[in-house]
Amino acid sequence: MSAILTLNAGSSSIRFALYDAEGASRRTGGQVERIGMGEARLRGPDGVRTLGQVDHAQALDAILDALPDSDIVAVGHRIVHGGVRHRGPAQVDPALRDELEALVPLAPLHQPHNLAALDAAQARFPKAAQVACFDTAFHRGHPFVNDTFALPRRFYDAGIRRYGFHGLSYEFISGRLAAKHPALHAGRVVVAHLGNGASMCAIQGGRSIGSTMGFTALDGLPMGTRSGQIDPGVLLYLLGQGYDAEGLTQLLYHESGLKGLSGISGDMRDLLASPETGAAEAIDYYVFRIRRELGAMAAVLGGLDALVFCGGVGENAAPIRERVIDGMDWLGLALDRTANARGAAEIGAGRVRVLVIPTDEESVIAAQTARLAGSA
């Protein structure tokens, strides 16, 4: 039976799904989680299996081996960075493959894994169309002031811009709002995609107006192992202390964020369960930055009609949602604590609606892949 396979390689997980050839109906799926974080687990069609300590390549092999027999006609790939040129999905050919390879330095935690998944799928399914679905595409209509840095204009013209990321997630949330809450979709919404990678997006009328992430997926909120926003003067200072580009990359992408602050873990589940002071301080900083960026995104929008939580932390960590909203009544936010504790879909008790919507990047990838592969 013909099917579309989606592969979504993140910094510590790979999600996969099989859809019908029209990209509308999901047949099965799952994920490998905690890659590079200890005991990785494959949650798939046959249940949960412990993989042990694996890297992304080994996790991908386990996924492909676990797939049920299907005639794979197309494979849709989450590609984190699409650069300036791509405002929508694109079928991969050698020229595009080279173009995406050149963007690896701008997303070193993701792009290599995205491309490894693409290469593996091409080898396993040589007759299937390979479609790149870009996390940056949703943000390509940013206003200039949210797209630029205060550098000489030649750098902007050379592609040094605020790209924004998690666009497939934001596109899904925007689509759900359009279907379920059309008045909110037409209004001013901040979506908080909180996971091992984390960002926030200001959306108005279904369009991205501003994002906490910039040129790379390093900016903005602190993440599992990424620093988030940092004074560039700190980096200049560290260069003077003997760091080089490779050392800074290792520090900022792999040793910082919640892991670096806590000295314990980059996984919010571990931190919430820990009695250690470092864990509490890391959570304090995480919440502080979310609240600060929430105010900034509301300012970008000129007000706020709804706040949406999504992503692994946003969907599952009720204590984080509570701490983000508490004391934000000046912005029209209030929390229904009972609804929040039980994981309800709507948890607000103030003027501004507060929703928890499980994101589904795979469905967006499948739909984009079906449209492009069907028209090829």
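The values are calculated or read from the model by the stated rules, or taken from the named source; none is laboratory data. The shown structure was predicted, so the numbers you read here are calculated from the model rather than taken from an experiment. Positions of Cβ are backbone-derived with ideal geometry, glycine not excepted, and every protein chain shown enters the neighbour counts.
Consider the stretch 49-58. How many of its residues are in contact with a Leu (Cβ under 7 Å, 6 or more places away or on another chain) and among the hydrophobic types (A, V, I, L, M, F, W, C)?
The total comes to 1.
So, of the residues in the stretch 42-89 that are in a loop (DSSP other than H, G, I, E, B) and of a type in the set (A, V, I, L, M, F, W, C), which turns out to be farthest from the chain's Cα centre (by Cα)?
Looking only at the stretch 42-89, we keep the residues that are in a loop (DSSP other than H, G, I, E, B), and these are 45-46, 53-55, 67-70, 80-89.
Narrowing the set further to residues that are of a type in the set (A, V, I, L, M, F, W, C) leaves 54, 67, 80, 84.
Values: Val54: 21, Leu67: 24, Val80: 8, Val84: 19 Å.
Among them, the one singled out is Leu67.
Those residues that are modelled with pLDDT of 90 or more, among the hydroxyl-bearing types (Ser, Thr, Tyr) and more than 20 Å from the chain's Cα centre (by Cα), I need them from the stretch 1-24; list them, please.
Correct list: Tyr19 only.
How many residues does the stretch 23-46 hold that are touching a residue at least 60 places away in the same chain (Cβ under 8 Å), touching a strand residue (DSSP E or B) at 6+ places or on another chain (Cβ under 8 Å) and not basic (Lys, Arg)?
Start the filter on the stretch 23-46 by keeping residues that are touching a residue at least 60 places away in the same chain (Cβ under 8 Å), which leaves 23-24, 26, 29, 34, 37.
Checking which are touching a strand residue (DSSP E or B) at 6+ places or on another chain (Cβ under 8 Å) leaves us with 23, 26, 29, 34.
With the extra rule that they be not basic (Lys, Arg), the set shrinks to 23, 29.
Result for the stretch 23-46: 2.
Identify the residue in the stretch 145-172 that is of a type in the set (Phe, Trp, Tyr) and in a helix (DSSP H, G or I) and, among all such residues, is nearest to His110 (Cα to Cα). Walk me through it before giving the result.
Applying the first criterion (of a type in the set (Phe, Trp, Tyr)) to the stretch 145-172 yields 149, 155-156, 163, 165, 170, 172.
Subsequent filtering for residues that are in a helix (DSSP H, G or I) retains 155-156, 170, 172.
On the way: Phe155: 24, Tyr156: 23, Tyr170: 18, Phe172: 20 Å.
Residue satisfying both the conditions and the ranking: Tyr170.
Which one is surrounded by the most Cβ atoms within 10 Å (Cβ to Cβ), of the residues in the stretch 120-143 that are part of a helix (DSSP H, G or I) and more than 16 Å from the chain's Cα centre (by Cα)? It would help to see each step written out before you state the result.
We begin by selecting, within the stretch 120-143, every residue part of a helix (DSSP H, G or I); these are 120-124, 137-139.
Within this subset, residues satisfying the condition of being more than 16 Å from the chain's Cα centre (by Cα) are 120-124.
Details: Ala120: 18, Ala121: 22, Gln122: 15, Ala123: 9, Arg124: 16.
Checking each candidate, the answer is Ala121.
What pairs can you find where one residue is in the stretch 227-243 and closer than 15 Å to His254 by Cα, the other is outside any loop (DSSP other than H, G, I, E, B), and their Cβ atoms are less than 7 Å apart, with a gap of 6+ or different chains?
Ser227/Leu252; Ser227/Gly257; Gly228/Gly257; Gly228/Arg289
Do you know which residues across the stretch 90-119 are aliphatic (A, V, I, L, M) and not in a helix (DSSP H, G or I)?
Just the residues of the stretch 90-119 that are aliphatic (A, V, I, L, M), to begin with: 90, 92, 95-96, 100, 102-104, 106-107, 109, 115-118.
Once the filter is applied, which keeps residues that are aliphatic (A, V, I, L, M) and not in a helix (DSSP H, G or I), the stretch 90-119 yields Ala90, Val92, Leu103, Ala107, Leu109.
Out of Leu194, Leu151, Leu184, which single residue is surrounded by 24 or more Cβ atoms within 10 Å (Cβ to Cβ) and modelled with pLDDT of 95 or more? Break it down stepwise before answering.
Working: Leu151 fails: surrounded by 24 or more Cβ atoms within 10 Å (Cβ to Cβ); Leu184 fails: surrounded by 24 or more Cβ atoms within 10 Å (Cβ to Cβ).
Checking each option against the conditions leaves just Leu194.
If we scan the stretch 276-294, do we find a residue that is of a type in the set (Ser, Thr, Tyr), on the phi < 0 side of the Ramachandran plot and in contact (Cβ under 8 Å) with a residue 12 or more places away in the chain? Talk me through it step by step, then tell me what you get.
Pass one, the stretch 276-294, residues of a type in the set (Ser, Thr, Tyr): 277, 285-286.
Those still in the list that are on the phi < 0 side of the Ramachandran plot too: 277, 285-286.
Remaining after also requiring in contact (Cβ under 8 Å) with a residue 12 or more places away in the chain: 285-286.
For the stretch 276-294, residues of a type in the set (Ser, Thr, Tyr), on the phi < 0 side of the Ramachandran plot and in contact (Cβ under 8 Å) with a residue 12 or more places away in the chain: present.
Could you give every pair whose Cβ atoms fall below 7 Å, whose first residue belongs to the stretch 355-376 and is more than 10 Å from Gly76 (Cβ to Cβ), and whose second residue is among the β-branched types (Val, Ile, Thr) and at pLDDT 95 or above, counting only separations of at least 6 or pairs across chains?
Every condition considered, the pairs that remain are Leu355/Val308; Val356/Ile347; Ile357/Ile173; Ile357/Val308; Thr359/Ile173.
Being surrounded by 21 or more Cβ atoms within 10 Å (Cβ to Cβ), at positive phi, of a type outside the set (Ser, Thr, Tyr) and in the same structural domain as Leu301 (by TED's automatic domain parsing), is that true of even one residue in the stretch 225-232?
Yes, that holds for at least one residue.
Quick one: count up the residues across the stretch 42-59 that are closer than 30 Å to Ser2 by Cβ and surrounded by 18 or more Cβ atoms within 10 Å (Cβ to Cβ).
We begin by selecting, within the stretch 42-59, every residue closer than 30 Å to Ser2 by Cβ; these are 42-49, 51, 56-59.
In the following step, the residues that additionally are surrounded by 18 or more Cβ atoms within 10 Å (Cβ to Cβ) were identified as 42, 44, 56, 59.
The number of residues fulfilling the criteria is 4.
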